Amino acid sequence: MTQLTQPDDWEYLRQFTPARLALGRSGHSIPTRQLLEFNLDHARARDAVYSIFDQEWIKYQVSTLGLSALFLQSQARDRREFLLRPDLGRRLNEPSRQHLKEQVMPPNELSIVVADGLSASAVNAHAPQIIGLLVPQMKALGWQMAPVGVVSQARVAVADEIGFYQQSEMVLILIGERPGLTSPDSMGAYLTYRPKPGLTDESRNCISNIRPDGLSYERATEKIVYLLTEMKKNQLSGVGLKDDFNSQLNA
Amino acid sequence: MPFSHSVRGISYTFADLKTVLAKASPLRSGDQLAGVAAQSAEERVAAQLCLADLPLTIFLQEPLIPYEKDEVTRLILDTHKAEAFAPIRSLTVGEFRDFLLSDLTTSSTLTQLSPGLTPEMVAAVSKLMRIQDLISVSSKCQVTTRFRNTIGLPGRLSTRLQPNHPSDDYRGIAASLIDGLLYGSGDAVIGINPATDHVQTVGKLLEMIDTVRQRFEIPTQSCVLSHVTTTLRLIELGAPVDLVFQSIGGTEALNSSFGINLSLLQEAKEAALSLNRGTVGNQLMYFETGQGAALSANAHHGLDLQTCEARAYAVARAFDPLLVNTVVGFIGPEYLYDGKQIIRAGLEDICCGKLLGLPMGIDICYTNHAEADQDDMDNMLTLMGVAGATFIMGVPGADDIMLHYQSTSFHDALYLRKVLGMRPSPEFESWLLNMGIMDEQFRSLASESRQRLLQLIPRS
């Protein structure tokens, strides 16, 4: 029987890029194996978007570090609304807002927020790891920390509202990033100095691609600690800070 | 001035012209997000009935964004050609649809008509059209452009080879570039989205593609899709700039958010023309657009997504571009929710752009949070081939590892060429055959030229 698929004799080029090259052909089409591998990656990314946020697990994990947790939700009521209305995902719903306002909050340096974003499975897996490395270091520096906000159907800007009500000097949000075909479980970290509702991207600093095959937990935590201490020292975050420290961060 | 239309005793009133257009727009999430969409299916059709009865001339009399406030409005009205418009001057929007579909309206009719059309006229008529109509009209429009090859001839489908890499690694980019060339991709342009917009990085990438192009005498053009100011700087520094790329939009406010205006685009075009690098022509602007961009920058002035998008084509048209690419599914589900909405939007863009005389290509694409998959892309791809899209993207395995979205693969272009009998641009096709990369049926050949291409990155 003649060969049904024609492999490409340049498969060695794959060592230079993660791109899907030298796939070979079935006629003019992608061979079955490569087709199904793509479908599997897409399926994982789709599942990540609809994965369930394990708020109890996050609460348990932060409790082992001596921190309490607050369960919160954005104004988006479900995944569909979350996807269609980014504006609702940026704001807390009324019960969550009330809940936060009722808390008596002593002055504190840092509010940590954990949010599902576009991949709950990413934060289920990675957020406890980062918090586990981060909290002891911040405690050693003598920082006071607010209860951890664990917020569902949320986008990045929700952290500014939480940090504001918690009267925190800085807020850090760990949030699931938009799943990529080869990275369904990537987490991002965004940091804001003097958070308040209505801030935009230029007020924040971002660390992305946190996952074992991307930016490691250790390296990501190192960058977060660095950014937090620089923010406190310079009393600012966002573009201004990035311009000054970008080169050191990326070194 | 308010407009109204009665349907079975219920009177629907629309506050102004832009509201009629927005409510007549087929459903998409972005118009709902903006709060401009029809509130019910019946209201949508009432708006379409209202729109169908409006005279085309109303779009010349009532600018959607005031003339004084927006340079795109000024561009549209100041460059409108009354003599080209004359044959359809008396038509309503509804009659204009019938006119476009008429057997008496040929490719050459549409070419002559084009300078007499405004984006608002074509946006309006497209809202009354079904997918079938969009394809009929779009396939009738012929737009041909030239730089180092001829793009847009009947029966031809070109591809942009898009060999992106997350850290602009030269060998990584070169590997995808070789893969693409061996699959017959790249006659529209070899175009890299750089991960960073630094002058030095972009300059080195340009030099790399230019070296490959010259060594193998590939009849195509290269582009690194950096900001127009970066490109201008590179031209000053003597970099091998073929095409000037820029993302553009349909309002002055959106263009400001991109850090551009019409005079900056003109300056860049003139600078690139002065390099005189084209061989068979000198069309050298490459624009990208996409429905939803204006809304996401809060620069939409209450206009619907699609009308804003059509206005971007007026900006493109002013610079006689080689390529215009609507990146339709990239923006996300809050603007275009699912495969159905993405496909419809893409066909509207191709149809409206071609009616306005543009070489319209399309990035048939989606993100992982949109309700879409490869089957939707195959539907769209096939429809785009039938509609006569000028070019599509070519990404290794459809997976863009830098921009994190799914586009069309090199294989996808081969599929379309095979089932629809389409061929690449003639110069590029001759090159593929002469090099022995492919035979006439686009089957790949193990030739000496293939080995030479592979030796760009030798087996270690």
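The values are calculated or read from the model by the stated rules, or taken from the named source; none is laboratory data. Because the structure is a prediction, the values reported are computed rather than measured. Every residue, glycine among them, receives a Cβ derived from its backbone with ideal geometry; neighbour counts consider all protein chains shown. Heavy atoms of the whole protein, side chains included, go into the accessibility calculation; ligands, DNA and RNA do not. Shrake-Rupley method; radii C 1.70, N 1.55, O 1.52, S 1.80 Å.
Excluding B:T289 itself, what net charge comes from residues whose Cβ is under 13 Å from its Cβ, given Lys and Arg +1 and Asp and Glu -1?
Values: positive: B:R311, B:R317; negative: B:E288, B:E309, B:E348, B:D349, B:D363.
Taking every Cβ under 13 Å from that of B:T289, the sum is -3.
Looking at this model, which pairs from B:K18/B:K340; B:K140/B:K340; B:K23/B:K69; A:K101/A:K232; A:K196/A:K232 are more than 22 angstrom apart at the alpha-carbon?
Pairs exceeding 22 Å: B:K18/B:K340; B:K140/B:K340; B:K23/B:K69; A:K101/A:K232.
Compute the distance from the alpha-carbon center of the range B:348-378 to that of the range B:428-460, in whole Å.
30
Express the carbon and sulfur contribution to the solvent-accessible surface of chain A as a percent, rounded to the nearest whole number, probe 1.4 angstrom.
Roughly 50 percent, rounded to a whole number.
Name the residues whose placed amide hydrogens come within less than 5 Å of the amide hydrogen of A:S119, ignoring near sequence neighbours (fewer than 5 apart) on the same chain.
Residues meeting the criterion, in which the H sits 1.01 Å from N, are A:G176, A:E177.
Taking H as built 1.01 Å from N, whose amide H comes closer than 5 Å to the amide H of A:Q144, not counting residues under 5 places away?
A:E109, A:L110
Protein chains only, probe 1.4 Å: how do A:H42, B:H198 rank by accessible area, largest first?
So the residues, ranked largest to smallest area, are B:H198, A:H42.
In degrees between 0 and 90, to the nearest 10, how far off the longest principal axis of chain B does helix B:41-52 point, with axes built from Cα atoms?
Long axis of B:41-52 versus the principal axis of chain B: about 90 degrees.
If you take every residue apart from A:D9 with its C-beta less than 14 Å away from the C-beta of A:D9, what net charge results, scoring Lys and Arg +1 and Asp and Glu -1?
+1
Scan chain B and report its longest stretch carrying no trypsin sites (Lys or Arg not before Pro) that are both in a DSSP loop and have at most 14 other Cβ atoms within 10 Å.
Working: sites that count: B:R8, B:K69, B:K81, B:R89, B:R130, B:R443, B:R459.
It runs B:131-442.
Please report how far the C-alpha centroid of the range B:175-190 lies from that of the range A:33-59, rounded to the nearest whole angstrom.
31
Got a sec to turn the phi values of the range B:171-176 into Karplus ³J(HN,Hα) couplings, 6.51 cos²θ - 1.76 cosθ + 1.60 with θ = phi - 60°, whole Hz, x for Gly and Pro?
5, x, 5, 4, 4, 5
Quick one: grab the alpha carbon gyration tensor of the range B:3-140, order the square roots of its eigenvalues as a ≥ b ≥ c, and give me rounded if a/c is under 1.5, else prolate or oblate depending on whether a/b is larger than b/c.
Because a/c hits 1.5 or more and a/b fails to exceed b/c, the range B:3-140 counts as oblate.
What residues qualify as long-range amide H neighbours of B:V328, i.e. H under 5 Å apart, gap of 5 or more or another chain, H built at 1.01 Å from N?
B:D363, B:C365
Are there residues in the range A:69-94 whose accessible area shrinks by at least 30 Å² when all protein chains are included rather than the chain by itself, and which are they (probe 1.4 Å, ligands and nucleic acids not counted)?
Buried-area filter returns A:R80, A:L83, A:L84, A:P86.
Rg and Dmax of the range B:145-449 over Cα atoms: what are they, in angstrom?
Looking at the range B:145-449, its Cα Rg and Dmax stand at 17.8, 58 Å.
Starting at the first residue of the range A:6-19, write each ³J(HN,Hα) from the Karplus equation 6.51 cos²θ - 1.76 cosθ + 1.60 with θ = phi - 60°, in whole Hz, x for Gly and Pro.
9, x, 8, 8, 10, 4, 4, 5, 4, 5, 9, 7, x, 4
Could you check what % of the DSSP bridge pairs in chain B are antiparallel, to the nearest 5?
Beta bridges within chain B, antiparallel portion: roughly 35 percent.
Could you state how much accessible area B:S460 has, in square angstrom rounded to the nearest 10, with a 1.4 Å probe and all protein chains kept in place?
That residue has around 130 Å² of solvent-accessible surface.
Before anything else, pin down the relative contact order of chain B: Cα pairs under 8 Å, at least 6 apart, normalised by residue count, whole percent.
19
Just the accessible area per residue of the protein assembly as shown, please: how many Å² with a 1.4 Å probe?
Accessible surface, normalised per residue, equals 38 Å².
Just to confirm my numbers, what's the Cα centroid distance between the range B:137-166 and the range A:202-229 in Å?
Going from one Cα centre to the other spans 42 Å.
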